[in-house]
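In what follows, a structure is listed as structure tokens, so that the remarks can point back to it.
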Amino acid sequence: MIIFGKDTAYPLTARRPGYGTMRLTGQDVWGEPTDRNEAIRLLRRAVELGVNFFDTADFYGPGVTNRLLADALYPYASDIIIATKVGGTRGSDKSWQPYSQPAELRKSIENNLQELKLEQLPLVHFGKAAGTPGSYEESLEEMLALQKEGKILHLGLTNITPEQFHFATSKANIASVENLYSYTHRVTDPNSPFGFQGGEVLALCEQKEIPFIPFFSLQTSLGGEQQKLQQVADAHGITVAQMNIAWLLHKSAWILPIPGTTSIPHLEENIAAAGISLSKEEMDFLG
């Protein structure tokens, strides 16, 4: 279990793993899915399997995954946690663009509320890319204002550096962090378009007992590390994707994986990974 806002009046409890909705859109995270009814059936099947944490954003589609969640699950059960994110938008050419100035953040929050049919967003991850207009402090203050107005219950961070983590946690009660992290992507990669310090930020989250949500968590690359993952997966008779999820769950009690898929059989496999037990020796071997 993962608890968001454990020291607040309204904590939220999520079961591991959760589900990331980004892949439910059309190609390039744009437009409607090929089979909308199947996407809705998948979301409902996730709930049947015990999933109660769903990650989304108003710029997925744009607006597509939010509307799918509402059509599939509204009115939401009392234990359902929908986490959205702000700080980005999509251009008409399908480009990913920053959208993190105060007025833009407010517009994104209103979009999410409307599309999800909510009066308050349970958890919002805020991100601001370095070099974009306005200061990080100014944007964070707007998010805190929106929280004070009751539009946001819990505030999280996404795509952050250690410096942003230290600043934000000194100013606010941060409920969670969502950063790039996977078995083969644990450290800063100067060649990555993200360049985020997943492992370092995870360690900071553990120190402060803040849940960490890895995105692209099933991303793997060829090489020795991948071969180790395959070797242990073969020993358990499971897929590499399942082994990756199992590794994340064993890596830290504060990690909430959110693997996404458009296939119900793959969804069932991903959820089943929570039942895989890895020994200390296997974890040591994996590194």
Check your understanding: In region 138-183, which residues are surrounded by fewer than 17 Cβ atoms within 10 Å (Cβ to Cβ), among the polar types (S, T, N, Q) and not in a helix (DSSP H, G or I)?
Key -> Asn173
Point to revise | Residue tally, condition surrounded by 12 or more Cβ atoms within 10 Å (Cβ to Cβ) and either small (Gly, Ala, Ser) or under 30 Å from Cys205 (Cα atoms) (or both), over region 1-38 | key: 23
Practice item. Please enumerate the residues belonging to region 273-287 that are hydrophobic (A, V, I, L, M, F, W, C) and more than 19 Å from the chain's Cα centre (by Cα). Key: Ile276, Leu278, Met283, Phe285, Leu286
Point to revise | Of all residues making up region 1-42, the number that are farther than 20 Å from Val124 by Cβ and assigned to a helix (DSSP H, G or I) | key: 10
Practice item. Show the residue pairs that are 6+ apart or on different chains and have beta-carbon atoms under 9 Å apart, the first residue being within region 56-78 and in contact (Cβ under 8 Å) with a residue 12 or more places away in the chain, the second being of a type in the set (Lys, Arg) and crowded, with 24+ Cβ neighbours inside 10 Å. Key: Thr56/Lys85; Ala57/Lys85; Asp58/Lys85; Phe59/Lys85
**Study point:** Wholly within region 221-287, helices (runs of 4 or more DSSP H) carrying at least 2 residues that are touching a Phe, Trp or Tyr at 6+ places or on another chain (Cβ under 7 Å) and either closer than 27 Å to Thr25 by Cβ or touching a residue at least 40 places away in the same chain (Cβ under 8 Å) (or both)
**Key:** 224-236, 240-251
Check your understanding: Are there any strands (runs of 3 or more DSSP E) wholly within region 61-127 with 1 or more residues that are within 16 Å of Gly18 (Cα to Cα), and if so which?
Key -> 81-90, 121-126
**Study point:** Residue check, Ser192 buried (at least 22 other Cβ atoms within 10 Å of the Cβ), at pLDDT below 85 and under 27 Å from Thr132 (Cα atoms)
**Key:** no
Check your understanding: On the given criteria, is Leu286 crowded, with 22+ Cβ neighbours inside 10 Å and at pLDDT below 95?
Key -> no
Point to revise | Every residue from region 240-275 that is more than 18 Å from Leu180 (Cα to Cα) and surrounded by fewer than 18 Cβ atoms within 10 Å (Cβ to Cβ) | key: Val240, Thr262, Ser263, Ile264, Pro265, His266, Glu268, Glu269, Ala272, Ala274, Gly275
Review point. How many of the residues making up region 120-140 are out of contact with any Gly (no Cβ under 7 Å at 6 or more places or on another chain) and in contact (Cβ under 8 Å) with a residue 12 or more places away in the chain?
Key: 12
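The values are calculated or read from the model by the stated rules, or taken from the named source; none is laboratory data. This one's a predicted model, so the numbers in the text were calculated from it and none came from an experiment. Don't worry about glycine lacking a Cβ; one is built from the backbone with ideal geometry, like all the others, and counts go over all protein chains shown.
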